[in-house]
Structure formats: structure tokens, C-alpha cells
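Enquirer: Dropping the structure in here first, questions after.
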Amino acid sequence: MSTKGTYYITTPIYYPSSNLHIGHTYCTVMADAMARFKRLSGYDVRFLTGTDEHGQKIQTLAEAKGVSPQAYVDEVVDGIKKLWATMEISYDDFIRTTEPRHVERVQKIFMKMYENGDIYKGEYEGLYCTPCESFWTESQLVNGCCPDCGRPVTPAKEEAYFFRLSKYADKLLELFDKNPDFLQPESRRNEMISFIKQGLDDLCISRSTFDWGIPVPIDEKHVIYVWLDALTNYITALGYPDEPELYEKYWPADVHLVGKEIVRFHSIIWPAMLMSAGLPLPKKVLGHGWLLLGGEKVSKSKAAKGADVVDPVVLIERYGVDALKYFLLREYTFGQDGVFTNEVMLKRMNYDLANDLGNLVSRTVSMIEKYNGGVVPEAKTNDEIDDDLKAIAVGAAAKVEEQMDKFAFNMALEEIWIVVRRANKYIDEKAPWVLAKDPEKKPELDTVLKNLAETIRIISILIYPFMHTTSKEIRKQMGLWYSDVVWEDAFEFEMMYGEQVKKGPAIFPRLDIEKELEELAEIGKKAAGGAASGEPESIPLELKPEIEYDDFDKIDFRVGIIEKAEKHPKADKLLVFQVKMGTERRQVISGVAEDFSPEEMVGKKVIVVANLKPRQLRGMESKGMLLFADNGKRCEIVTTTAPDGEVVS
Ligand code: MSP
């Protein structure tokens, strides 16, 4: 039973645009470790994760695949849930933004904000990054591109609903001022404060250019723009507003754990939305750093290129869940970016897990079997070295708590490994194999075996939040299978006597790093469909016979604008276009009536083969041809933004 109160922790809800990679796994593994740690130390924990399923990007991906957006996300979400099941991620709820419970509640929250006078209709004009689904102002761009993902932005304008974010600037500054711990790390906090001080624009919260989203309750033409839809998941999953039992118990959240690129949404926009709805604010937003691959953020597109394998499913199959979790939690410093390579990962797994922890357990179990018939003896002697080991072992839990309070997972694990290394050194110092040779030294030998057993028992408790399967395996080998893992027991040294140990398989087998690297490079290469060097492979296309430059130069390509389009009266497959090219207007006929409606072609700026000999098509003249990209199944018009009449060369 919990005595310390509730603890509500969340991860971002991930986009199910494609399978997740090591970066998403990193965030979820941290949240899971914290949830397990808090549960073990007596909190009533609620751990939420999920998927953010609406938006233009998903709609476009589904269209390209020829499936409905719902079918598209269902398949990806299935894979995500399987991944978390394999990793035994201990979430209490998984929210999908397409679930009716979420959809209905988001609409209710929208209405609440609307009724409070914080939502109005206006026109949005800005620079839009499609992959991030974010509008940016000129001054926010980095080198003219999206400051989050670095990709180009395009000017866009549309009628939209707005949230009066600007109204909350002072209250937000007050929030940061009065709660120095609200956002960590500190550097992010300063960034956010200056962002607010620059002046906050109202936030566009609806879209009418696509329909894969939650309808705006007061205007069916619009769907709620992804951030209002996404951020509210943290309370809709708790049943707010119509089934508030969990909400009343767990809200406000203790921690929203998020990547640094979405700190702004969580520490400015989300609190302002909550203020507007009259709800309490989360206690803390924690921004973690990125895993980098070749200097860039690991991302879905980047993941597909390199020789380093970033697919958690592959890594788990080869090295196991706990090795991967340990690596992610031990290697990186919370809040900072860190480089990911397979080599760094394998070294961590080998040195810390196979060598340090694995050896400690297997040596101890073997010695207890060999020197005391597999039974944990009583300690019969004591010296300074014993005292040192005991002090370090029983002192670790408090240090782990201290580090976990700071989300310093790597330091918490380092505290545990201080114990592991001390215990290995203790074996070397005490040299039990020497003691075993002298029957008079048996009491001393028993002490060594017993102290090692107790130390390993403590380690098995300390590692539980990070590697619960390994913890259980160690406890099985140590004859502790019968007892639950209790955090308080990590503060006690004298708890074992008479347990029957039993050697099992190596908890972390040693890896041949060179061999593993080669095999991983091979897998990476296959996944990328290219060379291991990261260079994409090039297979020549089957082309028509080569032509001379002079042949090419005979063609006059011009930019044209389609002013009018209609179906050919006598041919189902033909569209008849009236095209303006500078001063000239002419008729061009194309066989694309099955791919395009006449209406959608009007206004398109196209490329015309302008000097092609005119010909008659079913009784109508066609003067020139338009360029299309055609894969035999689907046809796309080739367009340009250049002025009509201009030469294309
Ligand atoms: N759907 C939004 C979040 C909405 S939360 C209300 C989103 N989704 S996402 O799929 O792009 O996931 C973003 C999160 O995944 C990051 O905030 C971070 O936690 C994690 N990571 C994605 N790539 C990462 C790295 N390369 N490194 C570390 N974490 C990364 O944004």
C-alpha cells in the first residue's frame, strides 16, 4: 500500500507516422525507470504514454500507401504497443488521440476555452513546416528553415481559430518566476522566459486544409490543430471532464517528460491552455536531450541511412531488453544531447554488464557452491575491509534516491556500480580461493561468501527500477526467489542466511565487439537498402537510348498557367486545357482525366513542351504537351512557381 502519495508521470504521445526508433525508446525507458522507482519507494504511481494520431502528415502518408488514415495508424500503433510489451514498459494507460474518449473530451475542453472567450476566428498567415506541423515567424527560422527540424518552410494562409495565448504572457512569466523548478534543465527555463518576453502571438488551433483531425465543435469545416488535440491527452486520459475520478486523484501531473524540441509546447502553450480552462498546472516539465547520430538528431529519416542500427526491436533481439535499457540510462546525461553509436553501446554492455555485474554474480554463486555446498553461510569474522564493503553497500540506496530526485539516471546507476566494483575488488582483496586452501580460515571464508551474497542482494534491489528482469534472475540464482523486492531492504545488510544458491546462465554473456559491429553494419546496410558507408546505392535505370545535347536543345520548355480545364466531349480519358504562357494562350490536351478532375488543375503552373508539332485528338487540336510524373499507376503533375511564359532549361 502506498504511503507517500500519488505520482503521475507522462511521456510525449508519439506520432505513429512510422515505427519508433532508439530516441523514442530512450524517453520511454527513462519514464518507465522513474515509474518503477517511485512505485518501489512507496508512491501510488500513474504512468501514461500513447500516440498522437491526427494531422496532415499522417493523412498524406496514408494516402500514399493507399489506406485510410485510421488503418494506417492502427498498424503502426500495434507495432508500438508490441515494442513496449517486449520491453515490459509498465504504463498504466496508453492513450490514442483517435479514441472516442479522447475526441469527445477534447471537444469539451475546446468549448470550455471558447466559452471563456479565449478562442476566436481569424486568418492565419505564416511560414509552415509540414513535417513538424508548425507555423513559424520569420525571426524564429534558423537559416531560413524550421528551427526544430531544419527543413524548408513554405508561406501559408488560411482561415483558422485562434487561442488567445498572448493574454497569458504575464501569468506565464509569473509561473516561471514563482516556480523555479517548473521547467528543467535551467537553460531551457531561461530560453522560455526570453521567448515569452519577446511577446507571444495568439496560437492557431484549427485547420481547414485537411480533415484528419477532431472536428471543431462549433465549425464542422475545421479540425482541431494538433497541439490542442495532443497536449490535452494528459487530462483526457484521466477522464477529464466527464469521468473525473482519476483526474481528481492524479492531476496535476508530477512530471511531463519530453524531448527538448517540445519543451516550448509543454511549458508555455500547455499551461496557458490549462489557465484558460481554469485547471491546475503540471508540477514539472523536464526536457531531455537528443540522441545524435553522426552529429544530427536520430530521426526516422536519418535512421534509415546509417550503418548504426537504431531499431530497438533489432537491438533487443540481439542483446536483450535489460542491456538496452541499462545502456540508455547509464550512457547519457539527462538534459544533454549524447552521441549514439553501436560501438558505444556494445562497450557499455560488455564492460559494465558482462564484466562487472555478470562476473560478480557468477563468481559469487560458483564460490558458494564450491566452498559451502551452495548454501549462504553466516558471517563469523569482521575486519576493516568487510566494514568498508558493508558501508558502501548499505549507503547506496540513499545516494540512488538523491540522484533519482534529479532525474540523473546515469549517476544513480553509477552509485550502484560503485557497489558492484567494490564487491569485485573485495573478492580480489580477500582471495577466497586462498582462504579455501586452509581449513582454519573457513570462518573467514564464510564471512566473505556471506558478505558477497548480501551485497548482491542489495544490488538486486537497487537495479530493480532499471532492469527488473535481471534483478529477478539474480535473486533466483541467489536463492531469493521467495521474497519480494522491497526498497527498504537495500538499507539493511544482515538479511540472508541459509539460502540455497543455484548457478544459472550468464546474466549478460560477453560480446565479441568486432564481430557484433560487423553484423550490425550489415543489418544497418540492409535496412537502409544501401551501402554500409552511408552512401546510397545507385542502380542504373532502364532508359531510352542516349540523345545528343543538340537533340535536347531542340525542345522548348515553357512555364504555363492552366486557366481553364474541361473534359474532352468525345474521349473519357482526355482533359482539354487552356494554357497561358506569357502573352500567348493555347489549347493543350492530356490523357489524364482518370487521375485529375478538371477543377483541381485550374490555376496550376505547369511545364509545357511548347514547340511540339500540333496534332488533332478526337477532333480537337492539341498544341504542346504538359509534363507529368507517371509510375504507371499514379500520375502527378509537374509544377513550378516560376512566372508563366518563362523558358525552362
Ligand atoms: N506527437 C508529438 C508529441 C506530443 S506530446 C503532447 C511528438 N511526437 S514524436 O513522435 O515526434 O516524439 C517526440 C519525442 O520522442 C521527443 O520529444 C523525445 O522524447 C523522443 N525523441 C524522438 N527523437 C529523439 C532523439 N533523437 N533523441 C531523444 N529523444 C527523441 O513530438
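Enquirer: Is the C-alpha gyration tensor of region 107-266 telling us rounded, prolate or oblate? Criteria: a/c under 1.5 is rounded; beyond that, a/b larger than b/c is prolate, otherwise oblate.
Expert: oblate
Enquirer: Which whole-number percent gives the relative contact order of the chain, counting Cα pairs below 8 Å spaced six or more residues apart?
Expert: The normalised contact order for the chain reaches 11 percent.
Enquirer: Same structure, new question: Which of the aspartates and glutamates could a cross-linker bridge to K573, judged by Cα under 17 Å and excluding same-chain residues fewer than eight apart?
Expert: Output for K573: E594, D595, E599, E600, E621, D630, E636.
Enquirer: Using only Cα atoms, tell me the angle between helix 100-115 and the longest principal axis of the chain; keep it within 0 to 90° and round to the nearest 10.
Expert: Taking Cα atoms only, the helix is inclined about 70 degrees.
Enquirer: Then there is this: Could you give the length gained by full extension between E600 and K526, i.e. 0.36 nm per residue of separation minus their alpha carbon distance, to one decimal place?
Expert: The E600-K526 span can extend by a further 22.6 nm.
Enquirer: Count neighbours as other Cβ atoms within 10 Å of each site's Cβ, and list the trypsin sites (Lys or Arg not before Pro) in region 591-632 that are DSSP loop with at most 16 such neighbours.
Expert: R618
Enquirer: Identify the GluC sites (Glu not before Pro) of region 545-591 meeting these criteria: DSSP loop state and at most 11 other C-beta atoms within 10 Å of the C-beta.
Expert: E546, E548
Enquirer: Treating the beta-carbon of each Lys and Arg as +1 and of each Asp and Glu as -1, no other charges, what is the dipole magnitude of region 297-395 about its Cα centre, to the nearest 20 debye?
Expert: 660
Enquirer: Would any residue of region 579-612 have its amide N under 17 Å from a label point 7 Å out along Cα→Cβ of A642? List them or say none.
Expert: 580-584, 604-612
Enquirer: Does anyone have the angle between helix 56-65 and the longest principal axis of the chain? Alpha-carbon axes, 0 to 90°, nearest 10?
Expert: With both axes taken from Cα atoms, the answer is about 80 degrees.
Enquirer: Whose amide H sits under 5 Å from the amide H of W136, counting only residues 5 or more places off or on another chain, with H placed in the peptide plane?
Expert: Distant-sequence amide H within range of W136: L127, Y128, C129.
Enquirer: For region 59-147, what class follows from the C-alpha gyration tensor (a ≥ b ≥ c being the square roots of its eigenvalues): rounded when a/c is under 1.5, otherwise prolate if a/b is larger than b/c, else oblate?
Expert: Because a/c hits 1.5 or more and a/b fails to exceed b/c, region 59-147 counts as oblate.
Enquirer: Hey, another quick one. Could you pull out every residue, at least 5 positions away or on a different chain, whose amide H is within less than 5 Å of the one on K604? Hs are placed 1.01 Å off N in the peptide plane, and Pro or chain starts have none.
Expert: Long-range HN contacts for K604: I562.
Enquirer: Moving on to the next point. Tell me which residues come under 5 Å, amide H to amide H, from I205 once H is placed; ignore anything under 5 positions away on its chain.
Expert: Result for I205 returns Y161, F162, F163.
Enquirer: For region 161-178, in order, what is each residue's ³J(HN,Hα) by Karplus, 6.51 cos²θ - 1.76 cosθ + 1.60 with θ = phi - 60°, in whole Hz (x at glycine and Pro)?
Expert: 8, 10, 9, 6, 5, 4, 4, 9, 4, 5, 5, 5, 4, 5, 4, 5, 5, 7
Enquirer: Checking the table K347/K437; K437/K502; K221/K284; K347/K526; K82/K503 against a 28 Å threshold on Cα-Cα, which pairs fail?
Expert: Those over the limit are K347/K437; K221/K284; K82/K503.
Enquirer: Where only protein heavy atoms count, and the probe is 1.4 Å, what is the accessible area per residue for the chain in Å²?
Expert: Here the per-residue accessible area is 46 Å².
Enquirer: Right, next: Name the shape class, rounded, prolate or oblate, that the alpha-carbon gyration tensor gives for the chain, where a ≥ b ≥ c are the square roots of its eigenvalues, rounded holds for a/c under 1.5, and otherwise prolate holds if a/b is larger than b/c and oblate otherwise.
Expert: Verdict is prolate for the chain.
Enquirer: If you fit an axis through the alpha-carbon atoms of helix 384-405 and take the longest principal axis of the Cα set of the chain, what angle between them do you get, 0 to 90°, nearest 10?
Expert: Around 30 degrees separate the two axes.
Enquirer: Taking the full set of protein chains and a 1.4 angstrom probe, give the accessible area of C204 in square angstrom, rounded to the nearest 10.
Expert: The accessible area comes out at roughly 10 Å².
Enquirer: Would you kindly find the accessible area of Y482, with a 1.4 Å probe and non-protein molecules such as ligands, DNA and RNA excluded, rounding to the nearest 10 Å²?
Expert: Number for this one is 120 Å².
Enquirer: Could you tell me the relative contact order of region 406-506? Use alpha-carbon pairs under 8 Å, at least six residues apart, and round to a whole percent.
Expert: Values: 71 pairs, mean separation 24.7, N = 101.
Over region 406-506, the number comes to 24 percent.
The values are calculated or read from the model by the stated rules, or taken from the named source; none is laboratory data. Everything numeric in this text was worked out from a predicted model, so none of it was measured. As a convention, Cβ positions derive from the backbone with ideal geometry for all residues, glycine included, and neighbour counts pool all protein chains shown. Keep in mind that these areas ignore ligands, DNA and RNA; they rest on the heavy atoms of the full protein, side chains included. Shrake-Rupley method; radii C 1.70, N 1.55, O 1.52, S 1.80 Å.
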